[in-house]
């Protein structure tokens, strides 16, 4: 079995300590892990995992004090993980959090890690979340709100619904009940509060129903998440970033996992940031990272082997 790669994230954030906590809590599983990060930090980790050094040999991060060298380490760890998966060295990747601001300052050309892996693995990524009480797939993510309506074409809706279905099927749900949020208040109210649902979103969803029999048409977003929590839906498709993540983080802040689907390989991450303010203080919780490892392994086990 190929090892699952862990990237260190920004070394000044909480990534290194939650990885160390996971290894200490799961010693019997450590042999199936490859940890990628700066050499001096790798020396502090318990025995068991494969250790893959990147960045400056003598680099030591100061918790809570991010710098340019740390951003270079985070970038190098992503590069090593992506190439290792392509080479058949790793089965998938769990990424610790990075600082988008620090990466941008050193010339990193992507908005986030999702876009990085999409570019390296050549696919159409879908950002999904699970691990707690809700499962959510986002049709759009890092774009301004005024661009969302124009982005919602048939291809985008199809791959988002397909990713939502895969997310639920990986947990044993054969015919997922997929609820789709409307774009406008009350899902457009039949065209009175917006035309997008009536004119092109619902027709596109109707076209997908033979392939996804549990798929709904657009539902009012203000009640759909409550209905999912009551058990009416297995997974939700949200049409823009905050529509999906505001309710998700309200109920699943410590448990949620970011899952990149739509690519030939598996990448997951904890659904939180670098948390520089608490790094090194022993306050970081590893729950989301632990869930990210569990979800990655489940997806690797249930999806067919990629052919590139």
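The values are calculated or read from the model by the stated rules, or taken from the named source; none is laboratory data. Just so it is clear, the structure is predicted and the values come from calculations on it, not from any experiment. All Cβ positions, even for glycine, are placed from backbone atoms using ideal geometry, and neighbour counts span all protein chains on display.
Taking residue 254 as the residue in question, decide whether it is in a loop (DSSP other than H, G, I, E, B), outside the structural domain of residue 41 (by the TED database) and surrounded by fewer than 24 Cβ atoms within 10 Å (Cβ to Cβ). Here the answer is yes, as residue 254 does meet what is asked.
No other residue among 176, 213 is touching a helix residue (DSSP H, G or I) at 6+ places or on another chain (Cβ under 6 Å), in a loop (DSSP other than H, G, I, E, B) and in contact (Cβ under 8 Å) with a residue 24 or more places away in the chain apart from 176. Among the residues of region 40-86, just one is surrounded by fewer than 19 Cβ atoms within 10 Å (Cβ to Cβ), in a helix (DSSP H, G or I) and touching a strand residue (DSSP E or B) at 6+ places or on another chain (Cβ under 6 Å), namely 42. Give 36, 19 a once-over and let me know the one that is within 16 Å of residue 90 (Cβ to Cβ), in a helix (DSSP H, G or I) and touching a strand residue (DSSP E or B) at 6+ places or on another chain (Cβ under 6 Å). Result of the check over 36, 19: 19. Do we have any residue at all in region 106-117 that's assigned to a helix (DSSP H, G or I) and either on the phi > 0 side of the Ramachandran plot or free of Cβ contacts under 8 Å to residues at least 40 places away in the same chain (or both)? Looking through region 106-117, at least one residue is assigned to a helix (DSSP H, G or I) and either on the phi > 0 side of the Ramachandran plot or free of Cβ contacts under 8 Å to residues at least 40 places away in the same chain (or both).
Only one of the numbered conditions (1) within 14 Å of the chain's Cα centre (by Cα); (2) closer than 25 Å to residue 194 by Cα; (3) without any contact (Cβ under 8 Å) to a residue 40 or more places away in the chain is violated by residue 249, and that is (2). Looking at residue 225, is it part of a helix (DSSP H, G or I) and either outside the structural domain of residue 291 (by the TED database) or free of Cβ contacts under 8 Å to residues at least 12 places away in the same chain (or both)? The answer is yes for residue 225.
Tell me whether region 270-290 contains one or more residues that are outside the structural domain of residue 153 (by the TED database), part of a strand (DSSP E or B) and either in contact (Cβ under 8 Å) with a residue 24 or more places away in the chain or in contact with a helix residue (DSSP H, G or I) (Cβ under 8 Å, 6 or more places away or on another chain) (or both). Yes.
Being in the same structural domain as residue 201 (by the TED database) and either under 17 Å from the mean Cα position of the chain (by Cα) or modelled with pLDDT under 95 (or both) holds for only one residue in 134, 157, 152, 183, and it is 134.
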